[in-house]
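Just so it is clear, none of the values below were taken in a lab; they were calculated from the coordinates. What you see is a predicted model, and the numbers here were worked out from it, not measured in a lab. Don't worry about glycine lacking a Cβ; one is built from the backbone with ideal geometry, like all the others, and counts go over all protein chains shown.
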Amino acid sequence: MTDLAPAPGGVPLAASLADFAALARDVLPPEVYDFVAGGSGTETALAGNRAALDRITVLPRMLRGVHRPRTDASLLGRPHALPVAVAPMAYQRLVHPDGEPALAAAAHAAGVPYVVSTLSSTTVEEIAAAGGPTWFQLYWLRDRAMVRELVDRAHRAGCTALMVTVDVPILGPRLRDVRNGFALPPEVSAANLPGSRDDLAHAGVPGTSAVARHTSAVFAPALTWSDIDWLRGQTDLPLVVKGILDPRDAVLAADAGADAVVVSNHGGRQLDAAPAAVTMLPEVLTAVGDRCEVLVDSGIRGGVDVLRALALGASGVLVGRPLLWALAVAGRAGADAALALLAAELRDALTLAGCADPAEARDLRTITGG
């Protein structure tokens, strides 16, 4: 049964993982809250992710003798405590001074992989030193030598998987950031990219996003499948391609040697006309069959959503904003509380669905409502 997550001193923080968003709004500067919460354009895709998940119902099984289900599952061939990884999220020191190391330590304590963003505000080496399974997320840069160096650094740091994000040829138009003239504060920077025009990210100009100017200067806008072929040749780590929506692209990712794809619309932060990620999950699963694992993100807000994804056939999910909100509220303690809540919510959902473990959840039937 899900209990209130305790803050330091025993003060309840949240009754559900989704509660952390409102709590974070109370502690963050408005422009930082908007940077994390916002989507692209009119935020149609952002809202669509949640609406699509809410339309998915799961047919529970009865009299299955399930009392306390297991939550452990395999991702990329390794066992983890939950079928969950912490999604790559940029600049976590924006929301709390302890930033990425605190959330990574909480993830490792919870037994789930932590995905380091290329745009993390702490280096991959320092984050990986927290121990536990660490994956590295790669944005493709204009400087191919720097791409190669990031891959080499991920290897040396002990990362156990490489995730390349393919849906950001340019940064989607984050209109909240434009209206706020958002720029990074001096103490927050892209720690993995020393010297890569970081000054642009700190130069606030009314009516523009400094973060968008920075990424435009350093990201390569014309990635092709030949680049993924090249990347496959640079590493023997499991390769994950993140940002897939069209099943045809999922097939091309498998053809290029991807071990997994993440069905994702980048949390509603890229193409505002993109469908909800979970909507495309069944078609992607059908297209790739057993050629690679299929994970999903974008809009996952609790244990019931994890159950929905598993019932649709996903191997697991990436969880992003809720954990960042929890970090904002109480640092490492908030992240610990959030991950404990997520585990409890998933146990409750599995029990109520009559499933002894996540594998059984993949045999559940789903119905998509209106």
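Descriptive notes on the structure:
- Conditions (1) out of contact with any strand residue (DSSP E or B) (no Cβ under 7 Å at 6 or more places or on another chain); (2) on the phi > 0 side of the Ramachandran plot: number failed by residue 76: (1)
- Of all the listed residues (278, 240), the sole one being surrounded by 23 or more Cβ atoms within 10 Å (Cβ to Cβ) and out of contact with any Gly (no Cβ under 9 Å at 6 or more places or on another chain) is 240.
- For the stretch 263-370, the strands (runs of 3 or more DSSP E) that sit wholly inside it and include 2 or more residues that are under 17 Å from the mean Cα position of the chain (by Cα) are 293-296, 316-319.
- For the stretch 258-281, filtering for residues that are more than 25 Å from residue 341 (Cα to Cα) and out of contact with any helix residue (DSSP H, G or I) (no Cβ under 6 Å at 6 or more places or on another chain) leaves 9.
- Among the helices (runs of 4 or more DSSP H) confined to the stretch 160-226, the ones with at least 3 residues that are farther than 24 Å from residue 134 by Cβ, free of Cβ contacts under 8 Å to residues at least 40 places away in the same chain and in contact with a helix residue (DSSP H, G or I) (Cβ under 9 Å, 6 or more places away or on another chain) are located at 198-202, 210-218.
- Of all residues in the stretch 297-337 being small (Gly, Ala, Ser) and under 20 Å from residue 60 (Cβ atoms), the one that is surrounded by the most Cβ atoms within 10 Å (Cβ to Cβ): 309
- Every test in (1) surrounded by fewer than 22 Cβ atoms within 10 Å (Cβ to Cβ); (2) within 21 Å of the chain's Cα centre (by Cα); (3) on the phi < 0 side of the Ramachandran plot is passed by residue 158 save one, and that test is (3).
- Residue match in the stretch 97-120 (condition: hydroxyl-bearing (Ser, Thr, Tyr), over 16 Å from the mean Cα position of the chain (by Cα) and outside any loop (DSSP other than H, G, I, E, B)): no
- Test: residue in the stretch 231-240 that is part of a strand (DSSP E or B) and in contact (Cβ under 8 Å) with a residue 12 or more places away in the chain: yes
- Here residue 322 passes the criteria (1) touching an Asp or Glu at 6+ places or on another chain (Cβ under 6 Å); (2) closer than 30 Å to residue 27 by Cβ except the one numbered (1).
- Residue tally, condition of a type in the set (S, T, N, Q), out of contact with any Pro (no Cβ under 9 Å at 6 or more places or on another chain) and assigned to a loop (DSSP other than H, G, I, E, B), over the stretch 19-75: 1
- Breaking point among (1) surrounded by 24 or more Cβ atoms within 10 Å (Cβ to Cβ); (2) in contact with a strand residue (DSSP E or B) (Cβ under 7 Å, 6 or more places away or on another chain); (3) over 19 Å from residue 246 (Cβ atoms), for residue 340: (1)
- Positions within the stretch 100-115 being touching a helix residue (DSSP H, G or I) at 6+ places or on another chain (Cβ under 8 Å), free of Cβ contacts under 8 Å to residues at least 60 places away in the same chain and either among the hydrophobic types (A, V, I, L, M, F, W, C) or on the phi > 0 side of the Ramachandran plot (or both), in sequence order: 104
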